[in-house]
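The values are calculated or read from the model by the stated rules, or taken from the named source; none is laboratory data. Here the structure is a predicted model, which is why all the values come from computation and not from measurement. So basically every Cβ, Gly included, is an ideal-geometry build from the backbone, and we count neighbours across all protein chains shown. Accessible surface is based on the protein model in full, side chains and every heavy atom, while ligands, DNA and RNA are left aside. Shrake-Rupley method; radii C 1.70, N 1.55, O 1.52, S 1.80 Å.
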Amino acid sequence: LPPRRPPSRAHDQPLRMSSAPTTPASAAGKVRIGVLALQGSFAEHCAHVVRAGGEAVEVRKAEQLAGCHGLIIPGGESTTMANVARRWNLFEPLRDFAAKGGAVWGTCAGLIFLAERINKGEKQGGQELLGGLDVTVDRNFFGSQIDSFEAQLACKIPGDDRPFRALFIRAPAILSVGAGVEVLAEYTLPEEKRRELADKSLEKIIVAVKQANLMATSFHPEITVDTRWHVLFLEMAGKCAPYAGVKETDKEEAQRTEIKLVSPGQLPVFTDSVFAGAARKM
């Protein structure tokens with residue numbers, strides 16, 4: 001990613017976030033979105049949730065899912081996130097959250113996490129996935145870090161057909177989808193990329209999908225100024241009941257022992273027209 005510049009103190013306000021939830025209505029009825037905060041771009045997602053009008057909760061413990069209507073699994077390194085999630089006993093609670101009807105959105109590595117099948121690029125010995133999204137992905141379709149790029153893509157967000165700026169960072173791609181999966185965005189492959197492929201007839205690749213309460217994107221909306229994908233996810237999550245799979249005593253203990261690792265409002269942020277600045281206090 002490009003180097004970051006420090007925020008302007010005159011214009012940027014620190015992000016107000018609860019790192020351990022109290023009650024489902026703690027933010028005056030706002031939709032509460034948990035962001036899996038093990039590794040990757042969770043701070044940027046938290047900031048965009050706030051900009052979109054929601055309440056952001058960093059999730060590092062199962063108890064922090066309490067009261068959340070939705071969960072974002074950020075971009076980062078999917079193998080690292082999987083290893084930490086298993087070590088911290090998070091896989092079962094995350095699966096239970098989705099099974100009980102919570103909305104879940106995976107970006108980049110999060111897309112890999114949600115996929116039912118990895119066709120290419122799977123780690124040796126396999127990789128534990130949450131699953132649930134009826135898609136097949138190529139883990140490193142777009143190449144290594146040096147092959148990262150951006151593109152203007154047509155948008156199929158309901159009610160808004162303006163194009164959006166998509167940033168692909170060592171990104172996966174969706175090779176196929178099941179019958180119940182809605183395609184929200186596709187990327188037309190340039191000629192040089194098509195020459196690399198065994199299937200020379202492939203002209204487009206799927207990069208954003210929605211299936212019931214699940215959504216996934218190959219790209220990173222959280223590092224642009226465009227909040228439309230986060231607004232869409234808040235609308236999805238707002239239709240879901242807050243997660244109630246945690247005991248009140250467990251919630252209190254998680255809150256008491258929580259150590260906040262990152263305060264996104266205090267991080268250096270992008271300040272140009274492409275990348276998002278610090279979240280405004282809502």
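Residues in the stretch 94-122 that are touching a residue at least 40 places away in the same chain (Cβ under 8 Å), part of a helix (DSSP H, G or I) and open to solvent by 30 Å² or more (accessible area, probe 1.4 Å): 96, 98.
Do we find that residue 165 is open to solvent by less than 30 Å² (accessible area, probe 1.4 Å), in contact (Cβ under 8 Å) with a residue 40 or more places away in the chain and basic (Lys, Arg) in this structure?
Here the answer is no, as residue 165 does not meet what is asked.
Of all residues in the stretch 210-234, those satisfying the criterion of being within 21 Å of residue 94 (Cβ to Cβ), of a type in the set (S, T, N, Q) and open to solvent by less than 10 Å² (accessible area, probe 1.4 Å) are 217, 218. Can you spot a residue in the stretch 255-268 that is open to solvent by less than 50 Å² (accessible area, probe 1.4 Å), modelled with pLDDT under 80 and in contact with a Phe, Trp or Tyr (Cβ under 9 Å, 6 or more places away or on another chain)? Yes, because at least one residue in the stretch 255-268 is open to solvent by less than 50 Å² (accessible area, probe 1.4 Å), modelled with pLDDT under 80 and in contact with a Phe, Trp or Tyr (Cβ under 9 Å, 6 or more places away or on another chain). Here are some residues: 32, 16. Which one is modelled with pLDDT of 90 or more, among the basic types (Lys, Arg) and over 28 Å from residue 140 (Cα atoms)? When all the criteria are applied, what remains is 32.
Within the stretch 147-162, track down each residue that is more than 13 Å from residue 189 (Cα to Cα) and open to solvent by 80 Å² or more (accessible area, probe 1.4 Å). Walk me through it before giving the result.
The initial filter retains those residues of the stretch 147-162 that are more than 13 Å from residue 189 (Cα to Cα), namely 147-148, 154-162.
Across the stretch 147-162, the qualifying residues are 156, 158, 159, 161, 162.
When residue 89 is tested against (1) open to solvent by 10 Å² or more (accessible area, probe 1.4 Å); (2) farther than 19 Å from residue 242 by Cα; (3) outside any loop (DSSP other than H, G, I, E, B), just one condition goes unmet, and that condition is (3).
The set of residues from the stretch 50-86 being surrounded by fewer than 24 Cβ atoms within 10 Å (Cβ to Cβ), of a type in the set (A, V, I, L, M, F, W, C) and assigned to a loop (DSSP other than H, G, I, E, B) comprises just one member, 52.
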